[in-house]
Amino acid sequence: THTSIYINSARIHQHLMKGTFSEGLKLVPVIEKNLEEYALYVDRHRILVFNYKIATLYFGAGQYESAIDYLQRIINGPMDLRIDLQCYARLLHLMAHYELGNYDIIESLTKSVYRFMAKMKNLTVVEEEMFRFLRHSFGVSPQKLKPELEKFLHKIKHLEKNRFETRSFAYLDVISWVESKVYGKSMGEIIFEKYKKSKKRKYKKS
């Protein structure tokens, strides 16, 4: 039945929360098959969310080209649903190109994504800082990039617990991405460490 779609959605969410991206990707073929089989019963909104979550799994697993493929489905799709996801899809798309080193398009892409998000009034402090970092990172040598990343992290780290900023972290964990760069770890490792710490805190409270 199409309830398996909802179950898999919850499973993907768990993998995103834990940072177990590669594990989560094992669900993708099944989800794709289910979405095809139950196309008549699945609303466009759910498909949009699936595409975004799958793109995030690919991004977290370092498979940026596949992430871009899924993000294109959102970016090139209808604009009448979930403006917030439309914004985050564009930002993640920009970050994937950054990771791939496609610097020839990054500058124009940064401008267009910034304009889009500003127009949709979807810019939080984290995104503002993200764009500032991207603008400053053009032409910066790898040796000088780490101090820039550290500065960026310093500016946004305290926002992790700010409830007004949580919306952006729910869709796009920019802080963990920056930390992975600063500490030389994978994004999955960073998120999994945070997940374990949060479990410990909950355990202590109970």
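Please treat every number below as a calculation from the coordinates, not as lab data. Just so it is clear, the structure is predicted and the values come from calculations on it, not from any experiment. Counting neighbours? That spans all protein chains shown, and the Cβs are built from the backbone with ideal geometry, glycine included.
Site pair Met17 and Asn102 shows an inter-label distance of 3.2 nm when each label is modelled 7 Å from Cα along Cα→Cβ.
Can you tell me the FRET efficiency between His45 and Lys146 if r is taken as the Cβ-Cβ distance and R0 is 45 Å, rounded to the nearest 0.05?
Details: r = 40 Å, r/R0 = 0.89.
The pair His45/Lys146 has a calculated efficiency of 0.65.
Once both labels are positioned 7 Å from their Cα atoms along Cα-to-Cβ, the gap between Val182 and Ala10 label points is 3.6 nm. Cβ crowding within 10 Å ranks Ser180, Ser137 as Ser137, Ser180, fewest other Cβ atoms first. Using only Cα coordinates, the Kirkwood hydrodynamic radius of the chain works out to 17.9 Å.
Using a cut-off of 31 Å between Cα atoms, the listed pairs Lys121/Lys199; Lys33/Lys157; Lys111/Lys196; Lys121/Lys197; Lys119/Lys196; Lys119/Lys161 include Lys121/Lys199; Lys33/Lys157; Lys111/Lys196; Lys121/Lys197; Lys119/Lys196 as exceeding that distance. Over all pairs of different C-alpha atoms, the range 40-128 has a mean inverse distance whose reciprocal, the Kirkwood radius, equals 13.3 Å. Here the simple spin-label model places points 7 Å from the Cα toward Cβ, and for Lys121 and His154 these points are separated by 3.4 nm.
Using just the alpha carbons, could you tell me how many Å³ per residue the convex hull of the range 24-86 encloses? Before the final figure, lay out each step's value.
Numbers: hull volume 5.0 nm³, N = 63.
Expressed per residue, the convex hull around the Cα atoms of the range 24-86 is 79 Å³.
Counting only aspartates and glutamates at least 8 places from Lys18 when in the same chain, those with an alpha carbon closer than 17 Å to its own are Glu160, Asp173, Glu179, Glu189, Glu193. Counting neighbouring Cβ atoms within 10 Å and putting the fewest first, the residues Arg44, Arg73 line up as Arg44, Arg73.
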